[in-house]
Amino acid sequence: MNFLEERIVKDGIVREGNVLKVDSFLNHQMDISLFEQMGEEFKRRFADKPINKILTIEASGIGIACIAAKYFNAPVVFAKKSKSINIEGEMYVAEVESFTHKCKNQVIVSKKFLNEGDHVLIIDDFLANGCALQGLISIVNSAGATVEGIGIAIEKGFQAGGSVIRNLGYQLESLAIVESMDAATGKITFREQ
């Protein structure tokens, strides 16, 4: 069992509806020491890639992406879920559906922060159905940039997202892949990697 799987077993809470609550260390309160380990591991898994930008989506992926960015010496760009008066100029836009929030959002990245020739590592906290990742991939492709890889903290292996993204030919590295969860017992089973 790896460091993230151990932390999920220790502090994660399984709820009905295939919900895994990790808000005490990953996406509400953030354990920066854990994020440091995750950043190091993403760097190890993508060490041979010429990554010069990290892309994530607001809000829960931002903390992980920022810590990981230290190891790649690259800036973080995050897709915003709503247009504000602060976003100027042309934008890349994709529609994504959130498994957690059960809604569709348009996500936006300013064209001045993602360019042709960029080599992008996409980072996010969870992978369930893969819709958010497909939206981010679409934005990278629209920019004429290259998706060098995708780093996910926790993948729900019993949902289709991981298979969909891998079948598209991307290097997808998930630090923990949950094979099954039982809300009644709290038991979590991880996929061997």
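Ordered by residue, what ³J(HN,Hα) values in Hz, to whole numbers, does segment 122-127 give under the Karplus form 6.51 cos²θ - 1.76 cosθ + 1.60, where θ = phi - 60° and Gly and Pro are x?
Per-residue couplings from phi come out as 8, 10, 8, 7, 10, 10 Hz.
Using a 1.4 Å probe on the protein heavy atoms, what percent of the accessible area of the chain belongs to carbon and sulfur?
Values: 4450 of 9400 Å².
In the chain, the share of accessible area belonging to carbon and sulfur is 47 percent.
Residue by residue, what Karplus-based ³J(HN,Hα) values in Hz, rounded to whole numbers, does segment 179-189 have, using 6.51, -1.76 and 1.60 with θ = phi - 60° and x for Gly and Pro?
Result, ordered by residue: 7, 7, 9, 10, 5, 5, 9, x, 6, 10, 10 Hz.
If one computes the Cα centroid of segment 107-183 and of segment 41-75, what distance in Å separates the two points?
Centre-to-centre (Cα) distance: 12 Å.
Return the long-range amide H neighbours of Leu55 (sequence gap of 5 or more, or a different chain), with a cut-off of under 5 Å between placed amide H atoms.
It is Val77, Leu121, Ile122, Ile123, by chain and number.
Please report, for the Cα atoms of segment 96-193, the Rg to one decimal and the Dmax as a whole number; what are they, in angstrom?
Rg and Dmax of segment 96-193, Cα atoms, are 14.7, 49 Å.
Give the percent of DSSP beta bridges with both residues in the chain that are antiparallel, rounded to the nearest 5.
Antiparallel bridges make up about 40 percent of those DSSP assigns within the chain.
For Lys111, which aspartates and glutamates qualify as cross-link partners when the Cα separation must be under 20 Å and same-chain residues fewer than eight apart are set aside?
Within the straight-line limit of under 20 Å, Lys111 reaches these aspartates and glutamates: Glu58, Glu88, Glu90, Glu95, Glu148.
Apply the a/c threshold of 1.5 to the C-alpha gyration tensor of segment 19-58 and tell me whether it is rounded, prolate or oblate.
Numbers: a/c = 2.62, a/b = 1.85, b/c = 1.42.
Judged from the Cα gyration tensor, segment 19-58 comes out prolate (a/c at least 1.5, a/b above b/c).
The values are calculated or read from the model by the stated rules, or taken from the named source; none is laboratory data. Since we're looking at a predicted model, the values are computed, not measured. SASA here: full protein model, heavy atoms, side chains in, ligands and nucleic acids out. Shrake-Rupley method; radii C 1.70, N 1.55, O 1.52, S 1.80 Å.
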